[in-house]
Amino acid sequence: MSAPVWARRRAAAAQGWRRFRTNRGGLFGAAFIALLVAFSLLAPLLIDQDGLDVVSATGGSLEPPSGEYWLGTDESGRSVLLLTLWGARVSLLVGFAATLLSVVVGTLVGVVSAHFGGWISAVLMRITDFFLVLPALVLAAVLMAVLPKSMWTVIMAIGITSWPTTARLVRAQTLAVESRPYIERSKALGGGHTHIIGNHVLPSVLPLVFANTTLVVGGSIIAESTLAFLGMSGPEISWGSMLDRANQSGAVTAGAWWYLLPPGVAIVLVVLSFTLVGRALETVLDPRLKGDR
Amino acid sequence: MTPLLELQDLGVTYRTGEGDLQAVRGVDLTLQPGETLGIAGESGSGKSTVVAGVLRLLPKSATVTGRVLLDGEDVAAMRWGRLRAARWSEASVVFQGAMHALNPVQRVGRQIAEPLRLHTGASATEIDTRVRELLEQVDLPPAKARAYPHELSGGQKQRVMIAMALACDPRLVIADEPTTALDVIVQAQVLDLLGRLVAERGIGLVFITHDLSVLASACSRIAVMYQGRIVETGDAKDVITAPHHEHTRALAAAFPEVGDPASRYAPATSEPLPPEGERDPQQPVLLSARNLRVHFRDRTGTAVAAVDGVDLDVQRDEIVALVGQSGSGKTTLARTLLGLQQPTSGEVHHDGRPVPASASGLRDYRRHVQLVLQDPSSALNPRHTVYESVAEGPRIHRLGGNERDIVVAALEAAELRPAERYLTRLPHELSGGQRQRVVIAGALALNPSVLVADEPVASLDASVRGEILGLLLRLRRQLGLAALVITHDLGLAWNIADRVAVMFRGELVEVGPVEQVLLEPHHEYTKKLLAALPSPGPDDARYAG
């Protein structure tokens, strides 16, 4: 690639950022996510992990918020604040990893199916349809029952059930791009499949995929919380599993709101942030959307 | 008598992000009943804005000054209800691009009836009768009312549009590029129909196009617009034969008259053409098709022969024009020659060898035979700079040497000078003609021996058309580059081609030197094509009007 190409891409990125900046919701979401990601990465250094251990926990059972425990304690006497902060790690990791899986598979299937067409497309689309109509939660529950219970199984279960929508989206966009005459010109110049996909299709499909990705992250975090709340998760502390334990330990009947609210509010905030960023990115990519929303 | 339409000092200004844009300034026009007024001009000259101004169809960002009098009544002063009644029942518009102006999911009969239902209180049976009447008026069988737009040909759709425009017996019809997307024979039919309606019913017709020769045969008066102003107006014959304004001259020259020796091998180009060198009549044949057949299956599974047994040779140092109506199989033939479409039977030879079918063999073949597409604005990836677009071919074929030098040389050969100025531009920053030059440069970068150009100037403005044709002719004269130019435009063939092949329903019905085929046609179809050309001949009966 030559220098002007990069200069142009930098200019395009700068312009995109300028447009993104005008969207306050998106800016708020991006700031919140950045803060949370930074904190999650640094958490092992900042948090004393003894406080997360049931054996070494010092507090009493289900203590209300106090000067020592700002958000009270859980049934084993651990600080809810600490648990919530630590839970962000798993929730974010699952969200990002499942999204990566779903987006990679979805983009691959979508592009290949649209580009080659014919029987390849027919087969891939029937597979996509199959996964599209499967009830996601039930499939994930079955996978969790069959496979060893761990965070990675959760990631796989969410990834497998969420790629079909991405595949459909990418396929539609690829078909639209491939009907353009410049693809015909590229073929006439001698361009093969890799050339056309790499030089023409992906650059125009990827921005859309990227905007879609941020929305998928939010969805994945919700899915993880749901599965964990239903008892299908690894041993790691996540917001979903906190809610599950709160539910099982009778926090609801005990009126221990401090145990239920923090993980719930955290889920809402993170998902909201991702959605805001996703919407803002869509507006950046397609300014026509701006006026209507 | 009150004129049907009177524009007094009409001006339209669009508010845009980059400041105000004066699309139309100081336009004065009058139209009497039974008169046909042609407005000619290139894209961006403001002619479509004038039309939209007449019926107040302009977007909110437009400011209108001056007066539009419809039958003596000021359009700007009309109340909303009055305006709605005026639209269609007094003045109606035939929009350009019949393909897109019809609703694809409604039967055309229903669409023709729509203005009737909106503007008259007629009963269902009355409307039905009226629709049948209208279809007969535009020479369509009434049974077509039950057809969907996709079941009609381009010409039939255009006639449906005209029927819609006539539905409420308007006194004024405005036709905005009604024939641009049509081929010559259908265009002749549509023009004839419009002419007859004007004569029989005494309506006023405003006819807008960029093709001066169409106006010459259809209109009694012509106004030429350029950059929002009317630069010349007068009797149709005078404007065509003795244009005063420079721009009118350019427009007139862009559409040469077949048979006029002055325009033979002389497209309207500003740069001088190199003189014709010694031409060896025995040039090697570069590209040839032998008994080529391409069959498609339609929805019902019946085989349709798009190309039906074609034999065609293209020699070095010659331009062959492939002419024919839309749907005659021209584009399929070109795609097959390029290996973009597999032939059902028959062979394509390049340089004496059959074109390989393997992927790598085809890739090598494409270094030698290159394609120039019809619409340059969609033939270039909007995200790629000129440099990347031109370098695409050399990169695919891993050509040795300095990539930048190859690109600059190709741009220079396509007459984009100085090439350095264009390298970092994006397609949307270029004009239509410049884009087409970039497409041609992209082909030239591979140093091909044959160019296949599919309607290379059909979507370009008249003044650019001559320049691109001049470029093709110069490339032939300077490099001996052979070209197969696909076109529906016989004037183009007359301008630059050495030989003409006439295609009709998948077959070549007549092949021969330009002079022979166009001046002494043998086949009936060729004669029909030539007869359909709009000609401003002095004996033309339509001039009487």
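The values are calculated or read from the model by the stated rules, or taken from the named source; none is laboratory data. Just so it is clear, the structure is predicted and the values come from calculations on it, not from any experiment. Neighbour counts are summed over all protein chains in view; Cβ atoms, including those assigned to glycine, are modelled from backbone coordinates with ideal geometry. Ligands, DNA and RNA are stripped out before the accessible areas are found, and what is left, the full protein with its side chains, is counted by its heavy atoms. Shrake-Rupley method; radii C 1.70, N 1.55, O 1.52, S 1.80 Å.
The residue pairs whose first member lies in segment A:126-151 and is open to solvent by 90 Å² or more (accessible area, probe 1.4 Å), whose second member is part of a loop (DSSP other than H, G, I, E, B), and whose beta carbons are closer than 6 Å, counting only pairs six or more residues apart or on different chains, are A:Lys149/A:Gly234. The numbered conditions (1) farther than 30 Å from B:Ser220 by Cα; (2) touching a residue at least 40 places away in the same chain (Cβ under 8 Å); (3) charged (D, E, K, R); (4) open to solvent by less than 60 Å² (accessible area, probe 1.4 Å) are all true for B:Asp313 except (2). Scan segment B:384-400 for residues that are at the interface with another protein chain (Cβ under 7 Å from one of its Cβ atoms) and of a type in the set (S, T, N, Q) and the total you get is 1.
Restricting attention to segment A:175-219 and to residues that are part of a helix (DSSP H, G or I), among the hydroxyl-bearing types (Ser, Thr, Tyr) and within 14 Å of another protein chain (Cβ to nearest Cβ), the residue that is surrounded by the most Cβ atoms within 10 Å (Cβ to Cβ) turns out to be A:Tyr182. Within segment B:416-444, the set of residues being part of a loop (DSSP other than H, G, I, E, B), of a type outside the set (Val, Ile, Thr) and within 11 Å of chain A (Cβ to nearest Cβ) comprises B:Leu423, B:Arg425, B:Leu426. Checking each residue of segment B:461-484 against the condition of being crowded, with 21+ Cβ neighbours inside 10 Å and within 14 Å of chain A (Cβ to nearest Cβ) gives at least one match.
Here's the yes/no breakdown for (1) over 20 Å from A:Ser150 (Cβ atoms); (2) at pLDDT 85 or above; (3) surrounded by fewer than 23 Cβ atoms within 10 Å (Cβ to Cβ):
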| site | (1), (2), (3) |
| --- | --- |
| A:Gly67 | yes, no, yes |
| A:Asp74 | yes, no, no |
| A:Ser79 | yes, no, no |
| A:Thr84 | yes, yes, yes |
| A:Gly87 | no, yes, no |
| A:Ser91 | no, yes, no |
| A:Gly95 | no, yes, no |
| A:Ala98 | no, yes, no |
| A:Val104 | yes, yes, yes |
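None of B:Gln342, B:Gln370, B:Gln374 is polar (S, T, N, Q), closer than 24 Å to B:Ile486 by Cα, within 10 Å of chain A (Cβ to nearest Cβ) and open to solvent by 60 Å² or more (accessible area, probe 1.4 Å) except B:Gln374.
Mind listing just one residue for me: the one in segment B:218-242 that is assigned to a loop (DSSP other than H, G, I, E, B) and in contact (Cβ under 8 Å) with a residue 12 or more places away in the chain and, of those, farthest from B:Ser45 (Cα to Cα)? Of everything passing the filter in segment B:218-242, B:Ser220 is farthest from B:Ser45 (Cα to Cα).
Restricting segment B:377-395 to residues that are in contact (Cβ under 8 Å) with a residue 40 or more places away in the chain and open to solvent by 30 Å² or more (accessible area, probe 1.4 Å) leaves a set whose member that is farthest from A:Tyr182 (Cα to Cα) is B:Arg383. Any residue at all in segment B:280-297 that's in contact with a Gly (Cβ under 8 Å, 6 or more places away or on another chain), of a type in the set (D, E, K, R) and surrounded by fewer than 19 Cβ atoms within 10 Å (Cβ to Cβ)? Checked segment B:280-297: at least one residue is in contact with a Gly (Cβ under 8 Å, 6 or more places away or on another chain), of a type in the set (D, E, K, R) and surrounded by fewer than 19 Cβ atoms within 10 Å (Cβ to Cβ).
Residues are listed down the side, and each one gets a yes or a no for (1) of a type in the set (Val, Ile, Thr); (2) open to solvent by less than 60 Å² (accessible area, probe 1.4 Å); (3) free of Cβ contacts under 8 Å to residues at least 40 places away in the same chain:
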position: B:Gly19; (1), (2), (3): no, yes, yes
position: B:Thr30; (1), (2), (3): yes, yes, yes
position: B:Leu37; (1), (2), (3): no, yes, no
position: B:Val64; (1), (2), (3): yes, no, no
position: B:Glu73; (1), (2), (3): no, no, yes
position: B:Met78; (1), (2), (3): no, yes, yes
position: B:Ala85; (1), (2), (3): no, yes, yes
position: B:Glu90; (1), (2), (3): no, yes, no
position: B:Gln96; (1), (2), (3): no, no, no
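State yes or no: is B:Ala453 open to solvent by less than 30 Å² (accessible area, probe 1.4 Å), closer than 27 Å to B:Leu312 by Cβ and in a helix (DSSP H, G or I)? The answer is no for B:Ala453. Just to verify a result, which residue in segment B:346-367, among those that are more than 10 Å from chain A (Cβ to nearest Cβ) and open to solvent by 50 Å² or more (accessible area, probe 1.4 Å), is farthest from B:Asp405 (Cα to Cα)? Here the residue is B:Glu347.
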